[in-house]
Amino acid sequence: MTNNFEYEELHLTEFRKEISAWLQANKPKDPGFLLPQTFLEIGSEEVLDFLREWQFKVWSAGYLGMAWPTEYGGGGLPVAYQQIADEEMKRLRVPILFNVIGLGWAGPLIINIGSDYEKNVYLKNILSAEDIWCQGFSEPNYGSDLGSIQTQARKEGDEYIINGNKIWTTLGNFAKYMILLARTEDKTKRRYDGLSFFLAPMNVDGITTKPIQKLTGEYGFTETFFDDARIPASSLMGEEGWGWRIAMLTLQYERGAESGAAGGPAMTPIYMDDLISMARKVMRENQPLIKDAITRDELVKLMIEEKAILLGEKRTNITKLCSDYPRSLSLSHKLRSSEFFRRMRQYAISLQGAKGGLYVGDKEAIDDGFWQRAYLNNFGITIGGGTSQIQANIVAEHVLGLPKD
């Protein structure tokens, strides 16, 4: 007789086979154009339509939002099923699930603290990719200093009138909704006072977006302008003045410190196996780089660090293994992982010698400039959700207990 644990393990093993078979049978063919490595790169309708169709297909098959409530389009299953589905999507290198701000930030936030109305209106369409979401936090003159934002929201009857602008709005020109942080009162005793949080529609008069070209060449970001834009008063989440605390909770989802994301890879997985594969192909002094002793030593160091990060992710979900510093792994994960992958990708380029300066489209570029593109894309990860410097401060203050000064 098997106990419940053994039964569950057996069922999960069978599920892994199921999702693997489905992904292999349904993985999209090469569309003939460059697919994004991250959700920060979607700059054309062509790419958007392709990824939208893929996300809908994954959700329709039951492999997205598996742990979300069934009444809102989810599967109502233990989170272990979604974790396995995500692992298999990464392993088999299927296209990313692009609606990350909805799937990973707005969605979990609404499930956690949203009203029944908000859950009914927003959640299912996030999963199906019918509704795309963007984020309106950072502003041109204030960067990551959310306490100093100036975008104003003034209530008038059953509407709020929004004036101001936001920067680095990923998917801003495609989004139907924005999680928006705006000031409903003047600053009083604390600079965080008077901020409010909105689930704001984007398709209203007075909201315009301007695409921003990135180092990678595409237009995955926009600047967003609000000029007497009127949004329904029902867009307010919680109460006026709750904006700071709701924004901080949202950032916990964005940084991976809180669980609840619907699932799916937001970025193409690029691991040490890929770097080792490249080192086998690149030649130096008539032999593959992989045979060079110094290169091998550096690769092993990076492999050890990568393994520690990946195991740390698993350890985060096992409470008894985190009892010494309960939130140290979750709060430090973004800093550790984003900086590691930046260094790893930079090292990959350095191994290419003079060809490291070539980019996508150059016939002489190694792997068609894959590593150069990956390195440039990684800057969005070390900056978005709070820069590495901010993440270091979070670890210092909230894990190590160091003073702010």
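The numbers here are math on the coordinates, done by the rules we state, and not lab data. The structure displayed is predicted, hence computed values, not measured ones. With ideal geometry, Cβ positions are generated from the backbone for all residues, glycine too; neighbour counts draw on all protein chains shown.
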Stokes-Einstein D for segment 194-309 (4 °C, 1.567 mPa s, Kirkwood Rh from Cα pairs), in µm²/s, comes to 67 µm²/s
Yeah, segment 4-130 with a ≥ b ≥ c from its alpha-carbon gyration tensor (a/c under 1.5 is rounded, else prolate when a/b outruns b/c, oblate otherwise) is oblate
Once both label points are put 7 Å beyond Cα along the C-beta direction, the residue 322-residue 91 separation in nm becomes 2.4 nm
Longest principal axis of the chain (C-alpha) makes with the long axis of helix 272-281 (C-alpha) an angle, in degrees to the nearest 10, of 40 degrees
Mean separation of Cα contacts under 8 Å (at least 6 apart) over the residue count of segment 126-282, i.e. the relative contact order in percent, is 22 percent
Rounded to 0.05, the calculated FRET efficiency for the beta carbons of residue 346 and residue 396 at R₀ = 30 Å is 0.75
Expected sort for 378-390, 172-184 on mean C-beta neighbours within 10 Å, highest first, is 172-184, 378-390
Of the listed pairs 90/124; 57/176; 281/307; 90/355; 29/119; 29/166, those with alpha carbons more than 32 Å apart are 29/119; 29/166
Label model pair residue 185, residue 27: point-to-point distance (7 angstrom along the Cα→beta-carbon line) in nm is 5.5 nm
Checking rank on 228-235, 94-101, with mean other Cβ inside 10 Å and highest first, the result is 94-101, 228-235
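With +1 assigned to the C-beta of every Lys and Arg and -1 to the C-beta of every Asp and Glu, and no other charges, what is the dipole magnitude of the chain about the Cα centre in debye, to the nearest 20?
In debye, rounded to 20, the chain gives about 1020.
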Only helices counted: for the chain, with every DSSP H run of 4 or more residues adding -39500 (n - 2.57) and the sum spread over all residues, [θ] at 222 nm is -13000 deg cm²/dmol
Hits in segment 190-205: amide N under 14 Å from the 7 Å Cα→Cβ extension of residue 113, namely 193-199
Taking Cα pairs closer than 8 Å and at least 6 residues apart, the relative contact order of segment 272-399 in percent is 21 percent
Relative contact order as a percentage, the chain, C-alpha pairs under 8 Å and 6+ apart, gives 14 percent
Cα extents of segment 134-254 along the principal axes, largest first, in whole Å, come to 43, 28, 25
Computed on Cα atoms only, the convex hull of the chain has an orientation-averaged projected area in nm² of 23.4 nm²
Listed by chain and number, the aspartates and glutamates with an alpha carbon less than 15 angstrom from that of residue 334, same-chain partners under 8 positions apart left out, are 254, 258, 305, 306, 313
Contour minus Cα-Cα span, residue 359 to residue 291, at 0.36 nm per residue, comes to 21.9 nm
Length gained, residue 298-residue 379, 0.36 nm per residue minus C-alpha separation, equals 26.9 nm
Here the tail fraction of P(r) beyond 24 Å, over all Cα-Cα pairs of segment 272-399, rounds in percent to 40 percent
The rounded separation in angstrom of the Cα centers of segment 195-229 and segment 277-345 is 36 Å
